[in-house]
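Here is the structure we will look at.
Each value in this text was obtained by applying a stated rule to the coordinates, not by laboratory testing. Keep in mind it's a predicted model, so treat the numbers as computed, not measured. Every residue, glycine among them, receives a Cβ derived from its backbone with ideal geometry; neighbour counts consider all protein chains shown.
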Amino acid sequence: MGKYTFAMIKPDAVESGKWGLIINDIIAAGFTILGAKMKRMSLTEAKAFYAVHSERGFFCELVDFMSSGPSILLALEKTDAVQSWRDTIGATDPAEAKSGTIRAKYAENKGRNAVHGSDSDENAQKEIAFFFSEAELILNR
Ligand code: UDP
Ligand code: MG
């Protein structure tokens, strides 16, 4: 059970302006933000980030969406960060997400679902390193 996870506020929630409310929820849930940046991913970056899903039927739609506008990239710290963030965001499909979760409150549908969360400590480390250099993270404070 690690201390770090990687989160993204996806293009739908940046475009709609809901990202400020989501940042509030992140802080209210007790996460420390170690790194943050806004970035529009290229199609190539989106394909690399979601490579694990490349054989899935939704892959093209997913990478088109994720490169369609800016996302907010976040390195988060909290005890048991991966599970805690998954609990905070709720199920992939907002129709199935528990009430009060970020996806239940802000997601449009299963594809445009407002936020990303790492699914394991190993992937959290890889995903943070995909977007942040060590110098960009506030560590050891
Ligand atoms: N996705 C989709 N249709 C699906 C499943 C997933 O469009 O049937 C998208 C959705 O944006 C999701 C992302 O692909 O967040 C990654 O899927 P995953 O199963 O890893 O869900 P997550 O870990 O984000 O809950
Ligand atoms: Mg996933």
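Observations on the structure shown:
- Cut-off 19 Å, label 7 Å out along Cα→Cβ of Glu136, residues of the range 44-75 by amide N: 44-51, 66-75
- Global geometry of the chain, whether rounded, prolate or oblate, following the gyration tensor of its Cα atoms and the 1.5 cut on a/c: rounded
- Cα gyration tensor category, rounded, prolate or oblate, for the range 42-93 with a/c compared to 1.5: prolate
- Estimated [θ] at 222 nm from DSSP helical runs (n ≥ 4, -39500 (n - 2.57)) normalised by residues in the chain, nearest 500: -10500 deg cm²/dmol
- Under the criterion of Cα pairs below 8 Å and six or more residues apart, the relative contact order for the range 40-141 equals 20 percent.
- Integer Hz, Karplus 6.51/-1.76/1.60 couplings in order for the range 2-10, x for Gly and Pro: x, 9, 10, 9, 10, 10, 10, 9, 6
- Once you reduce the range 13-63 and the range 101-141 to the center of their Cα atoms, the two points are 7 Å from each other.
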